[in-house]
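Everything on this sheet refers to the single structure shown next.
The values are calculated or read from the model by the stated rules, or taken from the named source; none is laboratory data. Quick caveat, the model's predicted, so the values are computed rather than measured. Counting neighbours? That spans all protein chains shown, and the Cβs are built from the backbone with ideal geometry, glycine included. Surface accessibility is based on the protein's heavy atoms, side chains included, excluding ligands, DNA and RNA. Shrake-Rupley method; radii C 1.70, N 1.55, O 1.52, S 1.80 Å.
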Amino acid sequence: MNTSSEAAGLVLYHADTAVCAAKVRMALAEKGLSFEGRMVNLHKGEQFDPDYMKLNPNAVVPTLLHDGAVITESTVINEYLDDAFPSRPLRPADALGRARVHLWTKKEDTIHDTINTMTASIVFRHDLMQKTPEERVKRYAGIPDPAKREKWRRMLEEGLESAIVTDALYKLAKHFSDMEKALGKSAWLAGDAFTLADVGLVSFFYRLEMLACEGLWRERFPAVTDWYARAKARPSFKAAILDYIPQAALDNYERISRPLWPRVAQANAKATA
Ligand SMILES: N[C@@H](CCC(=O)N[C@@H](CS)C(=O)NCC(=O)O)C(=O)O
């Protein structure tokens, strides 16, 4: 078993509610690795601090430092942790088993964008709509990546009716369907052990739950519903996800998202028709 001294030298730049950071915290918790956490306040734009961007030129969290070496990208970080600290493995030892896990984590990297779309279209949009049109434009005009900037512009202007939301809901439904099939064959996504394939999705599901979007999988995907309940029952869920999310954020998400669920359900019906 890993001990704190084995894990000494691990520094994680993260943010409390950021789903990609939570994904890495969950891998650390599953592996019993302690780390020094350094919070990056995304709302204040600390990800754009030139010193932080020297570590992570994409200006996103998470970033891991291990004995001074810099590792970015949550999926790569989790694989690195599993390689660098081999006890309590989160991938099978054999090549085929590892390929199966990798297939999931590769797909999950594309799913992150859908979580971002749903969060922005429901909660961030609600907050921004309280501001003046000039302030709204300022929010997305400052985004350095032109594709990301355009996506934000459209999401904020078009809301839940945006084709970007339809596309996200379609991709999510396809992902749930793939999960449902896999979970018909084994207890966890890549076999009978909990692996990085599962770790990569739990914080995404929790974000959708915070957005009052459980209806996207409940009833329609019973094996997925059961998988999520079992994942939430693991101690790593509380340690890596729940314990970091401030009650005020949960309340704010609930207050904004719950009344919008019927419109999300309608958009989902259209996306999956
Ligand atoms: N592919 C990256 C995505 C990282 C990412 O987008 N992180 C979000 C939080 S989940 C972030 O830092 N957003 C800040 C921003 O976009 O300004 C990873 O998996 O590490």
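Once you charge only the Cβ atoms, +1 for Lys and Arg and -1 for Asp and Glu, what is the size of the charge dipole of the chain about its Cα centre, to the nearest 20 debye?
Values: 37 positive and 36 negative charges, 131 e Å.
Dipole magnitude for the chain comes out near 620 debye.
If one computes the Cα centroid of segment 65-100 and of segment 213-273, what distance in Å separates the two points?
27
Between Ala69 and Asp113, take the C-beta separation as r, use R0 = 25 Å, and let me know the FRET efficiency to the nearest 0.05. It would help to have the intermediate numbers written out before the result.
Working: r = 28 Å, r/R0 = 1.10.
The calculated FRET efficiency here is 0.35.
Before I look further, what does segment 95-271 give for accessible area per residue, probe 1.4 Å, in whole square angstrom?
Values: 8550 Å² over 177 residues.
On a per-residue basis, 48 Å².
Can you compute the charge dipole magnitude of segment 133-176 about its Cα centre, using +1 on each Lys and Arg Cβ and -1 on each Asp and Glu Cβ, nothing else charged? Give it in debye, rounded to the nearest 20.
Value, rounded to 20: 180 debye.
State in Å² the accessible area per residue of segment 4-84; use a 1.4 Å probe, count heavy atoms of protein chains only, and round to the nearest integer.
Values: 3460 Å² over 81 residues.
Here the per-residue accessible area is 43 Å².
Quick one: compute a quarter of the convex hull surface over the Cα atoms of segment 95-271 and quote it in nm².
The Cα convex hull of segment 95-271, projected and averaged over all directions, gives 11.0 nm².
Where the accessible area of segment 95-271 is counted over protein heavy atoms with a 1.4 Å probe, how much of it, in %, is carbon and sulfur? Mind dumping the intermediate values first?
Values: 4810 of 8550 Å².
Roughly 56 percent of what the probe reaches on segment 95-271 is carbon or sulfur.
Using 10 Å bins from zero, what percent of all Cα-Cα pairs in segment 50-175 falls into each bin?
Over segment 50-175, the share of Cα pairs per 10 Å bin runs 11, 30, 30, 21, 7, 1 percent.
In segment 223-272, how does Rg compare with the Kirkwood Rh, expressed as the Rg/Rh ratio over alpha carbon atoms?
Values: Rg = 14.5 Å, Rh = 13.2 Å.
My calculation puts Rg/Rh at 1.10.
Considering amide H positions built from the backbone, and no H for Pro or chain starts, which residues 5 or more places from Trp188, or on another chain, come under 5 Å of its amide H?
Ala193
Report the net charge of residues surrounding Pro235, where surrounding means a beta-carbon distance below 11 angstrom and charges are Lys +1, Arg +1, Asp -1, Glu -1. Spell out each step's value before the answer.
Values: positive: Lys232, Arg234, Lys238; negative: Glu30, Asp243.
Neighbourhood net charge equals +1.
Full-extension gain between Glu46 and Asp243, please, as 0.36 nm times their residue separation minus the C-alpha to C-alpha distance.
On the way: separation 197, 0.36 × 197 = 70.92 nm, distance 2.21 nm.
Contour length minus Cα-Cα distance gives 68.7 nm.
Can you pull the percent of segment 4-84's accessible area that's carbon plus sulfur, 1.4 Å probe, other chains left in place?
Details: 1800 of 3460 Å².
Roughly 52 percent, rounded to a whole number.
Within straight cross-link reach of Lys107, meaning Cα distance under 13 Å, which aspartates and glutamates are found once same-chain residues fewer than 8 apart are removed?
Those aspartates and glutamates meeting the cut-off are Asp178, Asp198.
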